[in-house]
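The values are calculated or read from the model by the stated rules, or taken from the named source; none is laboratory data. As the structure is a computational prediction, the values presented were derived from the model and not from experiment. Neighbour counts are summed over all protein chains in view; Cβ atoms, including those assigned to glycine, are modelled from backbone coordinates with ideal geometry.
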Amino acid sequence: GAVVSQHPSWVICKSGTSVKIECRSLDFQATTMFWYRQFPKQSLMLMATSNEGSKATYEQGVEKDKFLINHASLTLSTLTVTSAHPEDSSFYICSAHPGARSEKLFFGSGTQLSVL
Amino acid sequence: QKEVEQDPGPLSVPEGAIVSLNCTYSNSAFQYFMWYRQYSRKGPELLMYTYSSGNKEDGRFTAQVDKSSKYISLFIRDSQPSDSATYLCAMSAGNYGQNFVFGPGTRLSVLP
């Protein structure tokens, strides 16, 4: 099956610092990747759609200057939480779509961010 | 009316029971239907994938789609404690991953 690797699994940082999360499709090329945020006992909340070589599309209410997304290659997308604050603490998950092969989405293992 | 509705549970069953999980939806354009399993603090794992109406079986799991009723189900036979997780239904009209809609998830506990 298709594998999506997400790192780090968890990160603790001080308020005001920036954190980068990586999402890699290991055995397929992903023209589109998605970033989600998930609060405890709640479903996935789509933050942004990332297309290789172009600017990300952000959902309403998501600050694009705070959550920087880069999709520089067909196998790598990164999410950088800039000047993180405690309210940014959450579980972040990426997913990747393999393109025309199917309509399946494959997810990374998630990153728990805790901002002190 | 929400686009996808799913009973959030929690649902507790004894080991060996048959579990039935369901979602209803309102958008008749949905063609692709999926069930994901998510363990605590992990990413969702694709369990079942179905295109259009019909049944699909994979081991202890059976997925059913009834497009006429806008209703999908996941059955788990001979449930195990390791099946304890949150189950998310997901659906799409087919646009290369765009506009996926997820249910809120049902938390399942299988008690030994």
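How about the range A:29-54: which of its residues are over 14 Å from the mean Cα position of the chain (by Cα) and within 8 Å of chain B (Cβ to nearest Cβ)?
Once the filter is applied, which keeps residues that are over 14 Å from the mean Cα position of the chain (by Cα) and within 8 Å of chain B (Cβ to nearest Cβ), the range A:29-54 yields A:Thr31, A:Lys41, A:Gln42, A:Ser43.
For the range B:81-112, which residues satisfy the criterion of being of a type in the set (Val, Ile, Thr) and away from chain A (no Cβ under 13 Å)?
The one that is of a type in the set (Val, Ile, Thr) and away from chain A (no Cβ under 13 Å): B:Val110.
Here's the yes/no breakdown for (1) farther than 26 Å from B:Met91 by Cβ; (2) modelled with pLDDT under 95; (3) outside any strand (DSSP E or B):
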| position | (1), (2), (3) |
| --- | --- |
| A:Tyr36 | no, no, no |
| A:Leu46 | no, yes, no |
| A:Thr49 | no, yes, no |
| A:Lys64 | yes, yes, yes |
| A:Asn70 | yes, yes, no |
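Considering B:Gly9, B:Gly94, B:Gly16, B:Gly59, which residue is surrounded by fewer than 17 Cβ atoms within 10 Å (Cβ to Cβ), farther than 27 Å from A:Thr49 by Cα, at pLDDT below 95 and more than 12 Å from the chain's Cα centre (by Cα)?
B:Gly9
Could you check A:Leu74 against (1) surrounded by fewer than 20 Cβ atoms within 10 Å (Cβ to Cβ); (2) touching a helix residue (DSSP H, G or I) at 6+ places or on another chain (Cβ under 7 Å); (3) not charged (D, E, K, R) and say which number it fails?
(2)
So is A:Phe91 within 14 Å of another protein chain (Cβ to nearest Cβ), under 17 Å from A:Val3 (Cα atoms), in contact with a Phe, Trp or Tyr (Cβ under 9 Å, 6 or more places away or on another chain) and among the aromatic types (Phe, Trp, Tyr) or not?
no
Of all residues in the range A:97-116, count the ones that are assigned to a loop (DSSP other than H, G, I, E, B), within 17 Å of A:His71 (Cβ to Cβ) and either out of contact with any strand residue (DSSP E or B) (no Cβ under 6 Å at 6 or more places or on another chain) or more than 9 Å from every other protein chain (Cβ to nearest Cβ) (or both).
Total satisfying the criteria: 1.
Being within 8 Å of chain A (Cβ to nearest Cβ) and not in a strand (DSSP E or B) is the filter; apply it to the range B:32-46 and report the residue that is nearest to A:Ile93 (Cα to Cα).
Per the criteria, the residue is B:Gly43.
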